[in-house]
Amino acid sequence: SAFSMRLYEILKSYEFRKVITFDLEELKRLLMVEDVKSYVRFPDFRRYVLEKAQEEINELTDINIEFEPITKGRKVIKVTFRIITKKPIERMLAGATANDRLKEL
């Protein structure tokens, strides 16, 4: 998805830090969804943007990511990402999977 590509670009630039935290509003701005009404509620944003992007990034790229929402009371205010670089053999397998997907299109 478009969100997967954008999130990958953002997180790849912070790969050397291993862990990065974004304010929720800043993350939505970076992913260009701050004005999309269907992503105002965090559960929807999480399900349709973050979890989908996480699944695609972990399967098809050279990094694995995990995310964790940080709350203040009940409200999610930040999201922390953990970035794990894959081993060379895992990278080759991810590249092969990505190539197979592209051939299907």
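Miscellaneous remarks
- P(r) of the range 57-105 over all Cα-Cα pairs, binned every 10 Å from zero, in whole percent: 25, 33, 23, 16, 3
- Given R0 = 30 Å, the distance between the Cβ atoms of A2 and I70 translates into a calculated FRET efficiency of 0.75.
- Crossing angle, helix 88-104 versus the chain [Cα axis fit, 0-90 degrees, rounded to tens]: 90
- When the range 14-76 is reduced to its Cα atoms, the Kirkwood hydrodynamic radius in Å: 12.8
- Residues in the chain average 67 Å² of solvent-accessible surface per residue, probe 1.4 Å, ligands and nucleic acids excluded.
- Backbone N atoms of the range 53-78 closer than 13 Å to the 7 Å Cα→Cβ label point of K86 belong to residues 55-65.
- Taking only alpha carbon atoms, the chain gives an Rg to Rh ratio of 1.00, where Rh is the Kirkwood radius.
- The C-alpha atoms of the chain define a longest principal axis, and helix 2-13 lies at about 80 degrees to it.
- Estimated FRET transfer efficiency (Y14, D100; beta-carbon r; R0 25 Å; 0.05): 0.30
- Surface composition of the chain: carbon and sulfur make up 54 percent of the accessible area, probe 1.4 Å.
- Computed from backbone phi with θ = phi - 60° and the Karplus coefficients 6.51, -1.76 and 1.60, the 3J(HN,Hα) list for the range 53-66 is 5, 4, 4, 5, 5, 5, 7, 10, 10, 8, 10, 10, 10, 9 Hz; x is used for glycine and proline.
The values are calculated or read from the model by the stated rules, or taken from the named source; none is laboratory data. Note that this is a predicted model, so its numbers are computed, not measured. Note: ideal-geometry Cβ built from the backbone for every residue, glycine included; neighbour counts use all protein chains shown. The accessibility values were calculated without ligands, DNA or RNA, using every heavy atom of the protein model including side chains. Shrake-Rupley method; radii C 1.70, N 1.55, O 1.52, S 1.80 Å.
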